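Notes follow the structure.
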Amino acid sequence: MTPELTLADQLDLALRLTVGLVLGAIIGFERELHSQPAGFRTHSVVALGAAIFTVVSAYAFTGPGADPTRIAAQIVSGIGFIGAGTILHSRGQIRGLTTAASLWSVAGIGMAAGAGLYGVAVIGTVLMLVILSLFDLAERYARRRMGLGPDDQRPGDPADSDSESKEPT
């Protein structure tokens, strides 16, 4: 049996979903700027979906014997399955690990937003942007200074360390 929620409760839940969507979109936009196959829409949908599942698990399954943590655990494994689909092995090289990891992390951000942990969700988003943007620049700079080539670049590939061909997301 699901509890009756007041209008204020429902608006709070709508805010949680919106925050999850917006934070996922921010990270997806960064990935889109780097021409990654899982970009703006994919990251937005993953974060929103995780927020929805988190809200549903917290508010819809509250009776005796209910275990709302079961849904959260399934979000983690389900996103792992989706992330595995972004990883490609070709010509002795592995691509897409950063994309898979960003989808997995965005699901965590969506879960935090869905649980009402806005500070955790926002800080997680900021840290993800630091990792995806600033760490990439630092890695490229270090490789240049040390005279090393890009980590997984083949002739003709873009210099992005997580480069994949652009597919619609």
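The values are calculated or read from the model by the stated rules, or taken from the named source; none is laboratory data. None of the values given here were measured: they were computed from a predicted structure. Positions of Cβ are generated from backbone atoms using ideal geometry, with glycine treated the same way; all protein chains shown enter the neighbour counts.
Being within 10 Å of the chain's Cα centre (by Cα), in contact (Cβ under 8 Å) with a residue 12 or more places away in the chain and within 14 Å of L23 (Cα to Cα): is that true of T125 here?
So T125 fits the description; yes.
Give the residues of the range 55-93 that are in contact with a strand residue (DSSP E or B) (Cβ under 7 Å, 6 or more places away or on another chain) and modelled with pLDDT under 85, sorted by residue number.
L88, the sole residue that qualifies.
Please count how many residues of the range 22-31 are closer than 13 Å to T98 by Cα and not small (G, A, S).
So the answer is 3.
Of all residues in the range 58-70, how many are surrounded by 10 or more Cβ atoms within 10 Å (Cβ to Cβ), of a type outside the set (D, E, K, R) and part of a loop (DSSP other than H, G, I, E, B)?
Final tally of qualifying residues: 5.
Residue-wise test of (1) surrounded by 13 or more Cβ atoms within 10 Å (Cβ to Cβ); (2) out of contact with any Ser or Thr (no Cβ under 9 Å at 6 or more places or on another chain); (3) outside any helix (DSSP H, G or I).
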| residue | (1), (2), (3) |
| --- | --- |
| I52 | yes, yes, no |
| V56 | yes, yes, no |
| A73 | no, yes, no |
| V76 | yes, yes, no |
| G83 | yes, no, no |
| G108 | yes, yes, no |
